[in-house]
1. Starting with the highest mean, order 108-120, 16-28 by the number of other Cβ atoms within 10 Å, averaged over the residues of each peptide.
2. Multiplying the sequence separation of residue 15 and residue 125 by 0.36 nm and subtracting their Cα-Cα distance, what value in nm do you get?
3. Return one number: the angle in degrees, 0 to 90 and rounded to the nearest 10, between the long axis of the Cα atoms of helix 8-58 and the longest principal axis of the Cα atoms of the chain.
4. Ranked from highest to lowest mean number of other Cβ atoms within 10 Å per residue, what is the order of the peptides 5-12, 39-46, 126-133?
5. Does the chain come out rounded, prolate or oblate, given a ≥ b ≥ c as the square roots of the eigenvalues of its C-alpha gyration tensor, rounded meaning a/c under 1.5 and, failing that, prolate meaning a/b above b/c?
6. Given the rule -39500 (n - 2.57) for each run of at least 4 DSSP H residues, summed and divided by the residues of the chain, what is its mean residue ellipticity at 222 nm, to the nearest 500 deg cm²/dmol?
């Protein structure tokens, strides 16, 4: 009588193939997630850049960007730009950034906004000339 089924060698080969495919696919999937989260943060920082440009266009000519102050934290900057950001933008900005590392320096003629990306905490830098992701 002939037995039906797979031999142990066949099963081990199938498990090895599945393991190899998983070892290739899982890191790529995690990389795709990080890039998507970094894009989300880059987009959110772009919204802040537009709000800063609007603030500059409407502000007193001697103070064109929000100035750096001791209490300039992310919530304070968002509150300063509140008239230029709608509620949806403010909600997305509060969840689009990573942890720690936020920095804003502003003067009358320029600013630099540094925000950690949500994906891998790379620092995204916004200036009047653009947004960069090192």
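Throughout, read-outs are computed from the coordinates displayed, never taken from laboratory work. Fair warning: this is a prediction, and the values are worked out from it, not measured in the lab. All Cβ positions, even for glycine, are placed from backbone atoms using ideal geometry, and neighbour counts span all protein chains on display.
1. 108-120, 16-28
2. 35.1 nm
3. Result, in degrees: 10.
4. Taking the mean over residues of other Cβ atoms within 10 Å, the ranking is 39-46, 126-133, 5-12.
5. The shape class here is prolate.
6. Computed ellipticity for the chain at 222 nm equals -17500 deg cm²/dmol.
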